[in-house]
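> Before anything else, here's the structure in question.
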Amino acid sequence: MAPRNLLDLDDFSAEELMALLDRAEAFHRDPSPRRLLAGVPVVNLFFEPSTRTQTSFAIAEHRLGAEVVSIDPGDSSMVKGESIADTAITLAAMGVGAVIVRHRESGFPYALARSFPGHVVNAGDGTHAHPTQALLDLMTLRQEFGRVAGLRVAIVGDIAHSRVARSNIHGLRTLGAETILVGPPTLLADAMAEEGVRVERDLDAVLPTVNAVMLLRIQRERLEGALVPSVAAYTAEYQLNARRLELLRDGAIVMHPGPYNRGVELTDDVLDFPSCRYVNQVANGVFVRMAVLEALCS
Amino acid sequence: MAPRNLLDLDDFSAEELMALLDRAEAFHRDPSPRRLLAGVPVVNLFFEPSTRTQTSFAIAEHRLGAEVVSIDPGDSSMVKGESIADTAITLAAMGVGAVIVRHRESGFPYALARSFPGHVVNAGDGTHAHPTQALLDLMTLRQEFGRVAGLRVAIVGDIAHSRVARSNIHGLRTLGAETILVGPPTLLADAMAEEGVRVERDLDAVLPTVNAVMLLRIQRERLEGALVPSVAAYTAEYQLNARRLELLRDGAIVMHPGPYNRGVELTDDVLDFPSCRYVNQVANGVFVRMAVLEALCS
Amino acid sequence: MAPRNLLDLDDFSAEELMALLDRAEAFHRDPSPRRLLAGVPVVNLFFEPSTRTQTSFAIAEHRLGAEVVSIDPGDSSMVKGESIADTAITLAAMGVGAVIVRHRESGFPYALARSFPGHVVNAGDGTHAHPTQALLDLMTLRQEFGRVAGLRVAIVGDIAHSRVARSNIHGLRTLGAETILVGPPTLLADAMAEEGVRVERDLDAVLPTVNAVMLLRIQRERLEGALVPSVAAYTAEYQLNARRLELLRDGAIVMHPGPYNRGVELTDDVLDFPSCRYVNQVANGVFVRMAVLEALCS
């Protein structure tokens, strides 16, 4: 039985993750509308706006027949001082079945889940976790290689601030892949290394050894701040470009959670690269979100 | 035959109110989705944002199969100078069946209804009326006591600025309950007293005499303004807390329209009190809104 | 076969336009909900908010059974620097079938369509085009006169800045109507004249000669700017009022795309005029949008 909520991937066993990916593949093969969530209100509570993630969730919810309620909590009581617990109690009383929540505060979805008797899906909390993104990445890897176990995956860039990286580390480890984190010391501490997770500084040395490269979006704020000497210094060492694509072994793929910064963490060559899987990732996003909602709500 | 609009409860006879509550109970017993409003566009026009009320209406509309259109009229032509009448004419021409409207201006829904040939539901106008809140309060009372007639209900707090109080006074009187308004003179004028409605100042004296206490949200702006000497002075006299809960007679219930200010009009003890009916009120909100839409649109 | 997108009416032949109007009439006769777009996500991407147009599209989409996703792109990545192409790629990857887009930049929907493999509907781009508005105007003319060919239509006001005028000129010419543009030189250059399109300055002289008058909304910003000496000077020459209605021939109709400025381009007399077709235009808007979505997506 899957957990009640999807807060991060570390709550899920390998069997549970594989079952979710299997269901996502089933939705991929047959994306026709269902009535699985007919009569179930699903509330999208995005305190941080996100066009792409919100659209993907909304499509998944509609596809399952849910009652889709999208709230812009901008100046609602939820922001004005009502406690998270009170918001949870109120939504539950209305019969809301699931809440999809994004918040700039790490841990917010956990606080909501403590008081909400329905299901909470973390759509991104601060720098902490983004589990549906990691699920769609795992789905993309499995589509490509037939398995996740035994793969070697590099995650490149601003690991320190990346909720995408953090959730992927959990998922990759649970499914038996090896993770190599690559970035400068200011964006990636040595202490991130652990069982199954290595820290490396030299991207050129890592590229020939991996099955997949996951690039991360680097926030321009970081580049202009103290964490990186300059955009030029960063791109010299960590940008994926035509020259570095040549270093990849045959069959290796490139991934990015989007939105990407052309000219920063990647060049246009990467997006034109035949083994760039960005489009597959986005497509899989709808299917893993359908699978998560089905698993939690049924 | 019910009126064409729900602007406030004083337009409804006791029979009409009871019929609405009966239908709401039917939806409570069987909340499965219906197609009663299939093909009927319902527009949610919240000039004042309200997460909870808007979510409750949206769930009710989805549950009846309506075409749910939620508009954020922030900077639309409706705000930029188009007259209310022009907005009404335009929405009607599109075939909109019902408009759910919240506005900070008392009377706005009445102005809209004058030009709109469909149905208008007042979701809160200024300090004037909030009839669906009062309906869900009446439903909660009837669920508890089997009837509303003959009950004695205290409404406590900032009566002067409360659209919830005003609509409840109408509904309670029409259904034969006695209302006791309790608050300081700055928030409750003696002139509010009328047939079936008493004004009292001493909450401790009132509590042992009533079947139900309806607390009101007190806006922090009021407490910080000239109307109340201080939060401490207000809470000393009108906050419901553990000591005052002891004064209630057996079987008496506590209600609050939400969102509540913990530590102001109530303490956490009230929310933990077994006869606090806040959750029932919120749940009933969806069902009375379904009943209202059904009654108006069919 | 209709074009893949609706960017402006000049991409459509007379046969294609008539087919769209025929389908819109069919929806007018039987506006009951359909499942034509079941399982098709339609994204409403209004960079410029527009309550009326967005509501009309949303109703049309719901009526056809689409998965309606309305995005407020206010501070999303689409605005923050992601390229139009990247947005298009991402929406396509999610399986979005059609994007309805409004943007203050002329040409934006064309840029989107270049990268989006689904269907793009232009809901208004800068001062360039507003093709669904022109379609509903053509439908209104045909309802009134049984045909568009051979009609003489005056478009009055701020032609220079009007996307409504521009799209109507294309549609009227394609269907064989004669267009007379009327306005002051600052808002209407002589160069707008072409085959089938005349430029005139004297509204009083034009009114007795036409089958229909399309008024345009004049932005108050223009009146307060350098383009018109004063509101009084403009209304003296170009406002439609009780006196000028008398100049119309029997059977002539008046149209306006809304929202209108009472007291500027028209007086209340015009809205009370029995042959003012504003309400029919708005109603037809839902039907032409259904027809467009059906034609593009099926």
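> Using a 1.4 Å probe and counting only protein heavy atoms, how much accessible surface gets buried when A and B come together, both sides summed, in Å² to the nearest 100? Could the numbers behind the result be given before it?
Values: alone 12290 and 12300 Å², together 22910 Å².
Using a 1.4 Å probe on protein heavy atoms, the buried area is about 1700 Å².
> Specify the longest stretch of chain C that does not include any exposed loop site, a site being one of the GluC sites (Glu not before Pro) with a non-H, G, I, E, B DSSP assignment and at most 11 other Cβ atoms within 10 Å.
Working: sites that count: C:E195, C:E246.
Looking at chain C, C:1-194 is the longest stretch - no exposed GluC sites (Glu not before Pro) with at most 11 other Cβ atoms within 10 Å.
> So what is the accessible area of the range B:132-281 per residue, in Å², with the probe set to 1.4 Å?
Numbers: 5710 Å² over 150 residues.
About 38 Å² of surface per residue is accessible.
> Which whole-number percent gives the relative contact order of chain A, counting Cα pairs below 8 Å spaced six or more residues apart? Don't skip to the end; give the middle numbers.
On the way: 576 pairs, mean separation 60.2, N = 298.
After rounding, I find 20 percent.
> Further question: If the only charges are +1 at each Lys and Arg Cβ and -1 at each Asp and Glu Cβ, what is the size of the charge dipole of the range C:132-281 around the Cα centre, to the nearest 20 debye?
Working: 16 positive and 19 negative charges, 75 e Å.
In debye, rounded to 20, the range C:132-281 gives about 360.
> How many percent of the alpha carbon pairs in the range B:132-281 exceed a separation of 22 Å?
Values: 3602 of 11175 pairs.
That tail contains 32 percent of the Cα-Cα pairs.
> Tell me, which residues of the range A:281-297 get at least 10 Å² less accessible area when the other protein chains come in, versus the chain alone (1.4 Å probe)?
A:V282, A:A283, A:V286
> To continue, here is another question. Report, as an integer, the average count of C-beta atoms from other chains found within 10 Å of each Cβ along C:29-39.
Working: counts 0, 0, 2, 2, 6, 1, 1, 0, 0, 2, 7.
Taking all residues of C:29-39 together, the mean is 2.
> Name the residue farthest towards the positive end of the dipole of the range B:132-281 from the options B:V153, B:Q133, B:G258, assuming +1 on Cβ of Lys and Arg, -1 on Cβ of Asp and Glu, about the Cα centre.
Of the options given, the answer is B:Q133.
> Right, something else. Using a 1.4 Å probe on the protein chains only, how many percent of the accessible area of the range C:132-281 belongs to carbon and sulfur? Spell out each step's value before the answer.
Working: 2790 of 5700 Å².
On the range C:132-281, the fraction of accessible area on carbon and sulfur atoms equals 49 percent.
> What percent do you get for the relative contact order of the range C:175-241 when only Cα pairs under 8 Å and 6+ apart count? Can you show the working numbers first?
Numbers: 48 pairs, mean separation 17.7, N = 67.
It rounds to 26 percent for the range C:175-241.
> Give me D for the range C:197-237 in µm² s⁻¹, whole number, from Stokes-Einstein with Rh from the Kirkwood sum over alpha-carbon pairs, 37 °C and 0.692 mPa s. Walk me through the intermediate numbers first.
Numbers: Rh = 11.9 Å.
Diffusion coefficient, whole number: 275 µm²/s.
> Which whole-number value in Å³ per residue fits the convex hull of the alpha carbons of the protein assembly as shown? List each step's numbers first, then the result.
On the way: hull volume 171.7 nm³, N = 894.
With only Cα atoms used, the protein assembly as shown gives 192 Å³ per residue.
> Can you give me the C-alpha center-to-center distance between the range C:100-129 and the range B:221-298, rounded to a whole angstrom?
50
> Next question, about the same structure. Kindly give the distances from C:S83 to its copy-mates, label point to label point, with each label point 7 Å from Cα along Cα→Cβ, as nm values to one decimal ordered shortest first.
C:S83 label point versus its equivalents elsewhere: 5.0, 5.0 nm.
> Determine the calculated [θ] at 222 nm for chain B from helices alone, applying -39500 (n - 2.57) to every DSSP H run no shorter than 4 residues and normalising by the residue count; nearest 500 deg cm²/dmol. Before the final figure, lay out each step's value.
On the way: 13 runs with 124 residues, N = 298.
Theoretical 222 nm ellipticity from helices: -12000 deg cm²/dmol.
> Would you mind giving the mean number of other chain beta-carbons within 10 Å of the Cβ of each residue in B:57-68, as a whole number? All intermediate terms of the calculation are to be shown ahead of the outcome.
On the way: counts 1, 8, 8, 3, 2, 7, 4, 0, 1, 1, 8, 6.
Whole-number average of other-chain Cβ neighbours for B:57-68 is 4.
> While we're on this one: Nm distances between the label at C:P229 and the same-position labels in the remaining copies, 7 Å along Cα→Cβ, shortest first?
In ascending order, 6.8, 6.8 nm.
> Additional query: I want to verify a result. In a Gaussian network model of chain C, Cα cutoff 10 Å, which of these has the top mean-square fluctuation: C:S162, C:S56, C:S83?
In this elastic network of chain C, the residue with the biggest mean-square fluctuation among C:S162, C:S56, C:S83 is C:S83.
> Please report which chain A residue places its beta carbon nearest the axis carrying chain A onto chain B, with the distance rounded to a whole angstrom.
Nearest residue, distance rounded to whole Å: A:D72, 4.
> Would you mind checking which residues have amide H under 5 Å from A:S106's amide H? H placed 1.01 Å from N; only 5 or more apart, or other chain.
A:G126, A:T127
> Moving on to the next point. Amide H to amide H, which residues 5 or more places from B:A177 or on other chains are under 5 Å from it, using H placed in the peptide plane?
Close amide H contacts, sequence-distant or interchain: B:G150.
> Place the label 7 angstrom along Cα→C-beta at A:R104 and in each other copy, then list the distances from the first to the rest in nm, shortest first.
Distances between equivalent label points, in nm: 2.4, 2.4.
> Counting partner chain Cβ atoms within 10 Å of every residue's Cβ in B:249-261, what's the average? List each step's numbers first, then the result.
On the way: counts 0, 0, 0, 0, 0, 0, 0, 0, 0, 6, 10, 4, 2.
That average works out to 2.
> Starting from the Kirkwood radius over alpha-carbon pairs of chain B, derive D by Stokes-Einstein at 20 °C in a medium of 1.002 mPa s and give it in µm² s⁻¹.
Numbers: Rh = 19.6 Å.
The estimated diffusion coefficient comes to 109 µm²/s.
> Further question on the same structure: Excluding ligands, DNA and RNA, what is the solvent-accessible area per residue of the range C:1-122 at a probe of 1.4 Å, expressed in Å²?
Numbers: 4440 Å² over 122 residues.
Heavy-atom SASA per residue in the range C:1-122 reads 36 Å².
> I need the Kirkwood Rh of the range C:12-146: take the reciprocal of the average 1/r across all distinct C-alpha pairs and report it in angstrom.
Value: 15.8 Å, from the Cα pair sum.
> Roll a 1.4 angstrom probe over the protein heavy atoms and tell me the percent of accessible area of the range B:1-126 that is carbon or sulfur.
That fraction is 52 percent.
> So what is the relative contact order for the range B:112-211, in percent, with contacts set as C-alpha pairs under 8 Å and at least six apart? Intermediate values should be presented prior to the final figure.
Working: 152 pairs, mean separation 25.3, N = 100.
The normalised contact order for the range B:112-211 reaches 25 percent.
> Counting other Cβ atoms within 10 Å of each Cβ, which trypsin sites (Lys or Arg not before Pro) in the range A:6-41 have at most 16 and sit in a DSSP loop?
Values: sites: A:R23, A:R29, A:R34, A:R35; in loops: A:R34, A:R35.
Of the trypsin sites (Lys or Arg not before Pro), the ones in loops of the range A:6-41 whose Cβ has at most 16 other Cβ atoms within 10 Å are A:R34, A:R35.
> Taking amide H positions as placed in the peptide plane 1.01 Å from N, state which residues far from A:H119 in sequence (5 or more) or on other chains have amide H under 5 Å from it.
Amide H to amide H, under 5 Å and 5 or more residues apart or across chains, A:H119 pairs with A:A98, A:V99.
> With chain B treated as a Gaussian network of Cα nodes joined by springs under 10 Å, which of B:P49, B:P274, B:P208 yields the largest mean-square fluctuation?
Ranking B:P49, B:P274, B:P208 by mean-square fluctuation puts B:P274 first.
> Could you give me the ³J(HN,Hα) list for the range B:270-286, computed from phi with Karplus coefficients 6.51, -1.76, 1.60 and θ = phi - 60°, whole Hz, x at Gly and Pro?
Coupling constants for the range B:270-286: 5, 5, 8, 5, x, 9, 6, 10, 3, 5, 4, 4, 4, 4, 5, x, 4 Hz.
> Can I ask one more? In whole Hz and in residue order, list the ³J(HN,Hα) couplings for the range C:162-179 that follow from phi through the Karplus curve 6.51 cos²θ - 1.76 cosθ + 1.60, θ = phi - 60°; x for Gly and Pro.
Coupling constants for the range C:162-179: 9, 5, 5, 4, 4, 5, 5, 4, 4, x, 5, 5, 4, 8, x, 8, 9, 10 Hz.
> Another question, then. Which positions within the range A:89-122 get 50 Å² or more of their accessible surface covered by the other protein chains, compared to the chain by itself, with a 1.4 angstrom probe?
A:T90, A:A93, A:M94
> Which of C:Y278, C:V199, C:V182 sits farthest toward the positive end of the charge dipole of the range C:132-281, with +1 on the Cβ of Lys and Arg and -1 on the Cβ of Asp and Glu?
The listed residue farthest towards the positive side: C:Y278.
> Further, regarding this structure: How far apart, in nm, are the 7 Å Cα→Cβ label points at B:A242 and B:R35?
5.6
The values are calculated or read from the model by the stated rules, or taken from the named source; none is laboratory data. Treat the numbers as computed from the prediction; the structure is a model and nothing was measured. With ideal geometry, Cβ positions are generated from the backbone for all residues, glycine too; neighbour counts draw on all protein chains shown. We work out accessible area using only protein heavy atoms, side chains counted, and drop any ligands, DNA or RNA first. Shrake-Rupley method; radii C 1.70, N 1.55, O 1.52, S 1.80 Å.
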